[in-house]
Each structure stands twice: as structure tokens, then as C-alpha cells.
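The next block holds one structure in the form of C-alpha cells; read it before the comments.
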Amino acid sequence: MAKRIVLLGAPGAGKGTQAKMLIDKYKIPQISTGDILRKAVADGTPLGKEAKVIMDSGGLVSDKIVLGLVEERIKQPDCKTGFILDGFPRNTAQAEALDKILSGMDMPLTIALNIDVDMNDLLKRLTGRRTCKSCQQMYNIYFSAPKKEGTCDKCGGVLFQRDDDKEATIKKRLEVYTQQTAPLIDYYSKKNIMKTVMGVGSINDIFNKVTAVLG
Ligand code: AMP
């Protein structure tokens, strides 16, 4: 059966990491609105320029922009066998719009999976996060530090901190999560497709729990 998955969880819960591992296991694409938006920012497109200001502040980019991106992506042939939505939907309006798009395609969601992580842990994960400029490998200065500070173990590239991982932005992102995204747990519970795993332990431990739930 096709897996059409929504990954829920606060910023820093590890959705992106798990999604990347799930791509390999299930051979279905990850659709990360954050990644799509960051690419638009890096490419300097008009959309990217508009999005960057909002992303750096920790707020949400407009539903209209994000929905347009997702709809276009989800209609690609590689999504016919399933997909993993990561970082979308972020509020009830997006969830409702997604349901509409998917029911029009006769491809309803099969599961919403919440990766649950304690707030204190999230703060460390986010403020400690560093990414390689060259190969995008991720590190955390508290939990998985590179051998040499500021340098990628894999390719020797320079490590940087995402603009939206700065402390003020992080506070705002967590606030936005609590107010706008966390209510989606209720939304999908009512549809009987909500599952939760605790996002603690090693990345592999969490992956085992995630795949046990996804089947
Ligand atoms: P992420 O990598 O998913 O944490 O996304 C980084 C930033 O991109 C967020 O803080 C938002 O500003 C923006 N963003 C990503 N996904 C969405 C979405 N579904 N709706 C609105 N804004 C989004």
C-alpha cells in the first residue's frame, strides 16, 4: 500500500533526519517545504527574497506560497507511489487545503506521525545545529560535534549555523509551533491517522520506532 505520510514535530525534533532515512527505506520522495524555500532563497528568486525575511524572523511564509509549492510537487509522477511531507502542513488552514488537494487526486494521507521531543532538548538541538556549506552534512555541537570545530568530518567543508537557528528566531519558531502547528495533532487524531513516537535516543533508535509504526 502506498505510504502518504505527514511528519509532525517541533523544529529540531528530527523530522528532516528521519525523512531522509525513510526515503531510502520506502523509495518515496521527501517533500520538505523548508528545503524548497531555502533553495529559493539560495537561488535568489523573487519568491526566495520574499520568503527569507519571514524565515529569518521565525514566522511562517504565507499559506498561498507554500500551498502552491506543495501542490506542484505532489503532482509529479514520483509521488504516485507515496511521499513524506516534512514541515508541511504547519497550520490548520494548510492541513485543510492539503486534504482538498489529495482528495481531488484520490490519494488521501495514510498516516500522520508526530516525533515528540521535550522543549529543553529542542533548544539544545536547535542552537547547537551546524550544517556543512559544501555537502549539507549536519552536526550538533552538543550531541554530535565534528572532530575539528567548524570543519566537516566528511568533506572538510566549512560549517555554518542556519540564519533561522539563531536564538531569537528559535524562540519565535517554537512559539509558532506551539500555537499553530501543535493543534494539528488533534486535527489528525480526529481523522484516526495520528501516531506518536518519542524522539529520544539515537537517530537509529528513533528510526526503528518510526518504521515500526509506519510498517
Ligand atoms: P523548516 O526547515 O521546516 O523548519 O522551515 C524553515 C522555515 O521555512 C520556517 O521557519 C518557515 O519560515 C518556513 N516554512 C517551512 N515550511 C513552511 C510551511 N509549511 N508554511 C509556512 N512556512 C514554512
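The values are calculated or read from the model by the stated rules, or taken from the named source; none is laboratory data. Just so it is clear, the structure is predicted and the values come from calculations on it, not from any experiment. Note that we place each Cβ from the backbone using ideal geometry, even for glycine, and neighbour counts take in every protein chain shown. With ligands, DNA and RNA removed, areas are computed over all heavy atoms of the protein, side chains included. Shrake-Rupley method; radii C 1.70, N 1.55, O 1.52, S 1.80 Å.
Points worth noting:
- When D56, D35, D43, D24 are checked against the criterion of being open to solvent by 30 Å² or more (accessible area, probe 1.4 Å) and within 8 Å of the ligand (Cβ to nearest atom), a single residue qualifies: D35.
- Contact map, the range 22-33: first residue touching a residue at least 40 places away in the same chain (Cβ under 8 Å), second residue assigned to a helix (DSSP H, G or I) and within 11 Å of the ligand (Cβ to nearest atom), Cβ cut-off under 7 Å, separation 6 or more or different chains; pairs are Q30/A19; I31/V70; S32/G16; S32/A19; T33/V66; T33/L69; T33/V70.
- Put simply, of K148, K195 the only residue that is more than 16 Å from the ligand (Cβ to nearest atom) and surrounded by 12 or more Cβ atoms within 10 Å (Cβ to Cβ) is K195.
- Any hit, the range 86-96, residues being within 24 Å of T127 (Cα to Cα), open to solvent by less than 30 Å² (accessible area, probe 1.4 Å), touching a strand residue (DSSP E or B) at 6+ places or on another chain (Cβ under 6 Å) and not aromatic (F, W, Y): yes
- Close Cβ contacts (under 7 Å, 6 or more residues apart or on different chains) running from residues in the range 154-178 that are closer than 21 Å to S144 by Cβ and assigned to a loop (DSSP other than H, G, I, E, B) to residues that are more than 9 Å from the ligand (Cβ to nearest atom) and open to solvent by 70 Å² or more (accessible area, probe 1.4 Å) comprise C155/S134; G157/K133; G157/S134.
- When residues of the range 4-21 are limited to those that are within 15 Å of the ligand (Cβ to nearest atom) and basic (K, R), the one most open to solvent (accessible area, probe 1.4 Å): K20
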